[in-house]
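Report on the following structure.
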Amino acid sequence: MTGMPALLSMHGVSKRYGKVQANAEIDLTVEAGSIHAVLGENGAGKSTLMKLIYGVETPDAGQIAWNGTPVVLNSPGEAQKLGIGMVFQHFSLFETLSVVQNVSLLVPGTRAELSARIRELGATFGLSVDPDAMVHTLSVGERQRVEIIRCLLLEPKLLILDEPTSVLPPQSVALLFETLRSLQAKGMAILFISHKLGEVRELCDTATILRAGRVTARVDPRDHDKSELARMMIGREIPKISADTTHRVAEDRLVLNHLSLPSQTRFGTTLHDISLSVKSGQIVGIAGISGNGQAELAAAISGEVPVADAGAITLMGKPAGRLSAGARRRLGFAFIPEERLGRGAVPRMSLADNTLLTAHGTGLVRRGFIRRAAERALTGRVIEEFDVRTAGPDVEAGNLSGGNLQKFMLGREIMLAPKVMLVAQPTWGVDIGAATAIRRRLLSMRDQGTAILVISEELEELFEICDLLHVLHAGHLSGPRDPHVTTAAQIGTLMTGASEGDAA
C-alpha cells in the first residue's frame, strides 16, 4: 500500500573485521511481498549483510528499521521474534540429532506432529527428507532441505535464502519457485542470494548489487540479461568457456568394476554394481539429486571407506579398493569433497596449515619438521593464482566465504598436479566469475592429460565441461551419455528414477 513503510530498511550500515571493510554504508530496502535478490561476487559482502539482518552480527554504524521502527538485532532469536528467518549457506544443524529433533529446537510441537509437518512441507516444496534420519548421515543437499523446511515451519515474514537451489534438480527448482511465488502472494518478503543469474531474472523483481562491500546498483533484473548483471557484479566482461574437442583421450586412470557397497549407516544409500571409467584427458560427470549415493561413491573412491573387493576400484592400473586415502594420493589421486568445512578444510586452522594437510608430501616437511616458509609460500601461490579473497596464509579457513574457501581447496589440490582428480560440487556457492574460472581450469587440466571425475548437481555445468555423463539414482549408475547429443530434460528424467528407455 502506498505510504506504508518498508518491511525492512537499512541506512548507512557498515561492518568491519579488522582491516577488512565487509560492508560500507549499505542502503537496502525490502518491501513486503517482494522477492529481492542480493548479488555480488564472492567476498562482496553478501554474507555479512545477511548476518546483520539476522542478528548474528551487529553493525558498527548505520540503522536497521523493521516496519519503519528502528531495531537493534543482537541475536537470531530477536530476529526470529520479528519474523525474520534465514537458511545459511553453511548449515547450523546438530549432527548427533535427528531431523525432527533439530526442528523441535526451534519449532513447537510433538515429535509426531512435527514429523507429519516435515513430510507435508517436503512434499509441497520438493524437499523430501526422512524426519527420523540422523543429520550426520545426510548429504549436504539433504541438510539444506532440513534447513529450509525448519525455517518455513516458523512462518517468517521475511525469508532469507542463501543459494537455495544449488542442491535441487531442475524439476524441484520449478516447484520451489512456485512455492516462493505463492508465499510472495501472501505478503512474505524473500531475500534471495544466488549466483544463478538466470534464476534471479526468472524469480526476482528487484536486485541490489554489491561490489567490494558497497551497493553499486539497484535494478529490476528482468530488464537486464545475464551478461549485463554479471558485468555489474564484477566490473568486467566474463570470458566465455570454449571447450577443446580435439584433446587426446588415452589410458584408463580410474576404473570402477561392478562396485557394490552396503550402506555404512541406517539412512545411507547402498551402491549397486557401479561401473565406469575415466581416462587421461577426459572429464566424466555424474549428475543426480543429492542423497542418491553421491557421498557414498565419493567416500569409496577417495579411500575414506574401504571396499572388500580390491579390484572393484583401480587407480593408474593398480587395484585400489583396499588402499588407504593416503596410499591413493601417492598414486596421483586428488580429492575435493562437497563438505568444505570439516572434510575439505579444518575451520580453526590457518590456510597454510590446511595446505599442509594434503601437500605435506611435496617438500613441506623435512626430517619430521614443517618447513613453515615453504608452507606459506605454496599457500600464497594458491591465494594469488586462484584469486582467493583473503588477507593472507595465516587467516583461519572458517573465516573465508564459501566461494573463496572453494577456490582455495581447488587450488590446493590442483597445485599437486594430480593424475586423477575427483571433484564434488566444484562451483557450489561460487559466483559466476569464479565459477567460469574454475571450469576453465578443469578443462585446462583435462587438456594436459588429467583424468577428472566431477560429481555435480549443476546440470548446466556438467553439460559445459564433460565429455561423458552418468546419472546416479538410488545407488544405481546409468550408462554413459554423450552431452553433445543428450538434453538436460533427458538427464533430469533419469535423475528422478526413470529407466534408460524412458529418457531416450
Flag if R343 is under 27 Å from R143 (Cβ atoms) and not polar (S, T, N, Q):
yes
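Listed here are the residues, each with its yes/no results for (1) within 30 Å of L93 (Cβ to Cβ); (2) modelled with pLDDT of 95 or more; (3) in a loop (DSSP other than H, G, I, E, B).
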{"residue": "T314", "(1), (2), (3)": "no, yes, no"}
{"residue": "E339", "(1), (2), (3)": "yes, no, yes"}
{"residue": "R348", "(1), (2), (3)": "yes, no, yes"}
{"residue": "D353", "(1), (2), (3)": "yes, yes, no"}
{"residue": "A359", "(1), (2), (3)": "no, no, no"}
{"residue": "E375", "(1), (2), (3)": "no, yes, no"}
{"residue": "V388", "(1), (2), (3)": "yes, no, yes"}
For segment 71-92, the count of residues that are closer than 24 Å to G43 by Cα, outside any helix (DSSP H, G or I) and of a type outside the set (F, W, Y) equals 10
Given (1) closer than 19 Å to A434 by Cβ; (2) aromatic (F, W, Y); (3) modelled with pLDDT of 95 or more, index of the condition F335 fails
(1)
So the check is Cβ under 8 Å with 6+ separation or different chains; which pairs have a first residue in segment 220-237 that's closer than 13 Å to A207 by Cβ and touching a residue at least 12 places away in the same chain (Cβ under 8 Å) and a second one that's surrounded by 18 or more Cβ atoms within 10 Å (Cβ to Cβ) and acidic (D, E)?
M233/E41; M233/D431
Step by step: first the residues of segment 436-452, then only those that are polar (S, T, N, Q) and outside any helix (DSSP H, G or I), then the one that is nearest to I301 (Cα to Cα). Which residue is that?
T450
Go over the candidates G501, G403, G497, G398 one by one and state the one that is farther than 24 Å from M316 by Cα, modelled with pLDDT under 95 and touching a Ser or Thr at 6+ places or on another chain (Cβ under 9 Å).
G403
Which of the numbered conditions does T427 fail, given that it passes all the others? Conditions: (1) under 16 Å from E339 (Cα atoms); (2) among the polar types (S, T, N, Q); (3) not in a loop (DSSP other than H, G, I, E, B).
(3)
Just checking, does segment 159-180 include any residue being in contact with a Leu (Cβ under 9 Å, 6 or more places away or on another chain), over 17 Å from E457 (Cβ atoms) and charged (D, E, K, R)?
no
For segment 356-380, which positions are β-branched (V, I, T) and in contact with a Pro (Cβ under 8 Å, 6 or more places away or on another chain)?
T379
For segment 374-388, pairs from a residue that is assigned by TED's automatic domain parsing to the domain that holds L442 to a residue that is among the aromatic types (F, W, Y), with Cβ under 9 Å and 6 or more apart or across chains, are T379/F408; V382/F408; I383/F408; F386/F408; V388/F408
Of the conditions (1) aliphatic (A, V, I, L, M); (2) in contact with a Gly (Cβ under 8 Å, 6 or more places away or on another chain); (3) farther than 27 Å from I286 by Cα, A325 fails just one. Which one is it?
(3)
When R389 is evaluated against the numbered criteria (1) closer than 22 Å to P418 by Cβ; (2) in contact with an Asp or Glu (Cβ under 9 Å, 6 or more places away or on another chain), which criterion, by number, is the only one it fails?
(1)
Under the condition of being out of contact with any helix residue (DSSP H, G or I) (no Cβ under 7 Å at 6 or more places or on another chain) and not hydrophobic (A, V, I, L, M, F, W, C), which residue from segment 465-480 is farthest from Q294 (Cα to Cα)?
D467
For G380, work out the one condition from (1) surrounded by fewer than 23 Cβ atoms within 10 Å (Cβ to Cβ); (2) outside any helix (DSSP H, G or I) it doesn't fulfil.
(2)
Subset of segment 473-494, residues part of a strand (DSSP E or B), crowded, with 20+ Cβ neighbours inside 10 Å and at pLDDT below 95, comes to none
Selected residue (criterion: nearest to I160 (Cα to Cα)) from residues of segment 192-234 that are of a type in the set (S, T, Y) and at pLDDT below 95
S194
Assuming R343 fulfils every condition listed in (1) out of contact with any helix residue (DSSP H, G or I) (no Cβ under 7 Å at 6 or more places or on another chain); (2) farther than 22 Å from T269 by Cβ; (3) free of Cβ contacts under 8 Å to residues at least 60 places away in the same chain apart from one, which condition is it?
(2)
Can you name the number of the only condition in (1) buried (at least 22 other Cβ atoms within 10 Å of the Cβ); (2) modelled with pLDDT of 95 or more that G288 fails?
(2)
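The values are calculated or read from the model by the stated rules, or taken from the named source; none is laboratory data. This structure is a prediction, so every number in the text was calculated from the model and none was measured. So basically every Cβ, Gly included, is an ideal-geometry build from the backbone, and we count neighbours across all protein chains shown.
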